[in-house]
1. Kindly indicate whether Phe366 is modelled with pLDDT of 85 or more and either part of a helix (DSSP H, G or I) or more than 21 Å from Val130 (Cα to Cα) (or both).
2. Looking at the range 385-482, what helices (runs of 4 or more DSSP H) fall wholly within it and have at least 2 residues that are over 29 Å from Ile155 (Cα atoms) and in contact (Cβ under 8 Å) with a residue 12 or more places away in the chain?
3. Is there a residue in the range 116-135 that is more than 20 Å from the chain's Cα centre (by Cα), in contact (Cβ under 8 Å) with a residue 24 or more places away in the chain and on the phi > 0 side of the Ramachandran plot?
4. Pick from Gly496, Gly453: which is surrounded by fewer than 24 Cβ atoms within 10 Å (Cβ to Cβ), more than 30 Å from Ser149 (Cβ to Cβ) and small (Gly, Ala, Ser)?
5. For the list (1) at pLDDT 90 or above; (2) within 21 Å of Ala161 (Cβ to Cβ); (3) surrounded by 21 or more Cβ atoms within 10 Å (Cβ to Cβ), I need the number of the one condition that Ala463 fails.
6. Considering only the range 1-55, state which residues are under 30 Å from Asp409 (Cα atoms) and of a type in the set (Val, Ile, Thr).
7. Only one of Gln90, Gln61 is among the polar types (S, T, N, Q) and surrounded by fewer than 16 Cβ atoms within 10 Å (Cβ to Cβ). Can you tell me which?
8. State yes or no: is Phe38 surrounded by 16 or more Cβ atoms within 10 Å (Cβ to Cβ), more than 18 Å from Phe358 (Cβ to Cβ) and either out of contact with any helix residue (DSSP H, G or I) (no Cβ under 7 Å at 6 or more places or on another chain) or at pLDDT 75 or above (or both)?
Amino acid sequence: MIELLAANLAPIMFIIVMGLLMLGYPVAFTLAAGGLGFFAIGVGMSQIFPGIVHLSWPLLQAQPDRIFGILSNDTLLAVPFFTLMGAIFQRTGIAEELLEIVARLFGRVRGGLCFAVVLVGALLAATTGVVSASVMTMGLIALPIMLRSGYDPRIAAGTIAASGTLSQIVPPSLVLIVMADQMGVPVGEMYRGAAVPALLLIGMFCLFLAAVAVFSPGRMPVMRGMHAGWREFLGLTAMMALGVGATWLGHRALGAAATTELRIVGAMMIGAAAAVVAAGFRPHGDFVRRAIMALVPTLGLIFLVLGTVFLGVATPTESGAMGAAGALLLAMARRRITLPALRETLHQTARLTVFVFFILIGARLFSLTFYGLGGDAWLHDLLLSLPGEKVGFIVFAMVVIFILGCFLDFFEIAFIVVPLLLPTAVVLNIDPLWFGILISMNLQTSFLTPPFGFALFYLRSVAPRPAGPSAPPGVDTAQIYTGPLPFVALNVALIGIVIAWPELVILEPIATEGTGTELIAPAASGGTDDSSGGNLNHLFD
C-alpha cells in the first residue's frame, strides 16, 4: 500500500492542492506549503523506495536564485505599470463621460445603451485592463438607467458584466502579459495575436444584442430623451474627419526625411491637436467639445500603450510606464487626482503586484516538487494518450481550464495549470502563440461563470436590489448570474472558431506539410529563459 502511494505521490499532490484551492485557502501559501510538504514526504519516501522516488534536500538550494529570476523577469515587470495606469485612469472621470457620449450617439437605436456599454467596455479594456473598474463604473452609471427605461434585467446585467471582462482579451491585458511569460512568446506578438479575436468577440456581442433587439424588442426599448441631435452628430463626425485629415496631411508633410515610426507618431499628434483645437470653438454646442475632449485622450493613451509596441518603438514594460505617466498627466490636467487618491492607487498597484509574484513563487515551489516526483512524466503520458492527438489535447485543455475557471482565479490557472500543459503542447508541435491566445480567451469566461465569477461579484456590489413596487427597479442575484450566460456561450463559440481557423491568430504564413495545416512551435522561444514560468524542464538541469 505504501509503495503504491509512493508511486502516485504526484497525482495525489495535484488533487489535494487543487482541492484546497477550490475550498478557498490562500493561493500562494497553499502552493508553497503543498510543495514543501510533499517535498519532505518525497525525501522520506526516497529513503524507503529509492527506485521509485528520487528527491533530495540539495535540490532546494537553487530556489533562491530562481525566485530572484522571477522577480527580475523583464516580461512581468510590465504588470505593475499597466495596473497603475488602469487605477489612475479610473479616477480621471473619462469613463463616465465616454458612456454618456456614446449612449447619446446610440440613443435613437433600439437597445442603444447596450451597444454603448459594449463599445465603452472595449475602450476601457484598451486603457485600464482592470475588470473591476470597468464593471463597477458601468454598473453604477448605466444599469440604473437601463432598468428605469424598461430593459430586461438579465440583458442589462449580462451586457455590463461581459463588456467589463473584455479587458482580459483586449490588449494590454494582464492575462496576455502573464500568458506571454508562460508561453515564452514576446508580449508584442501576443498582443498582435489577440487583436483579431478581440475584435471578433466585440462584434459577436453586438450581433447578439442586435438579434435580441430585432426578435425580442420588448427586452431592449428605445431610450427616450437621451440621444444626440443630428447637428451634434454631424458636428462630431466633422471633427473626427478633421482629425483624420490632419493626420494624413501631417504624415505627408513629415515626408521621407523621418523614419516610419516618427511619421506615424507625429501624424497622430498633429491630428489629435487639430481635433482638440477645433473642438475648442464649440461647434454645434457643448456636446461635440465634450466628446472630443473625452475621445482624443482615450485614443491617445491607447496609441501610446499599444501603438508603440506594435511599431517596435518601445517594449511592453516601457509602454506600460509611458501609459502610467500619461494617465497621471491626464488626471492632473482634469484635476481629478489628489495626493490621498494617488497614495491609494499606489497601494492598490503594490497589492496586486505582490499578489501576482507571491503566487508565482508558490507555483514555482509546487512545480519543483511535482516534477521531482515524476509528475511531468505521468501527466505527459496521460495527455498524449488522449484520442485525436492535437485536437483532442486542445479540447481537453480547454474543457479543464473552463471548469477550473468556475472556481479559481485566472492567475492561479496561469501559474499552475499552464506550465503543466505546455511541455505536451511543445511535443505535439502546437504553436505557443495560438495556444496562449486560446487559453486567454478561455480565462476570460472565468469572470462570468458561477459560482465564483468575479465580474458577477463586482456587479452585485453596485447593482440596486429589488425593493418593492414603488421603489426604483432593481436586479436580483439570480438575474445577475444568468444574464452573462449567452455571452459565455459566444465566447466558447469563438474559441471553437479560433481552433478551426488558427490563422486568425497566426497572421504570418503558416508552414504546411502535405495537405494539412501545421502549427509549428519554434525550436527556441525568444522569451523563455531561466526566469520564465513557462517551460519548467530546466528545473533539474
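The values are calculated or read from the model by the stated rules, or taken from the named source; none is laboratory data. None of the values given here were measured: they were computed from a predicted structure. Positions of Cβ are generated from backbone atoms using ideal geometry, with glycine treated the same way; all protein chains shown enter the neighbour counts.
1. yes
2. Qualifying helices (runs of 4 or more DSSP H): 389-405, 410-427, 432-444.
3. No, the range 116-135 has no match at all.
4. Only one candidate qualifies: Gly496.
5. Exception for Ala463: condition (1).
6. Ile12, Ile15, Ile16, Val17, Val27, Thr30, Ile41 - these are the residues of the range 1-55 that are under 30 Å from Asp409 (Cα atoms) and of a type in the set (Val, Ile, Thr).
7. None of the others qualify; the one that does is Gln61.
8. yes
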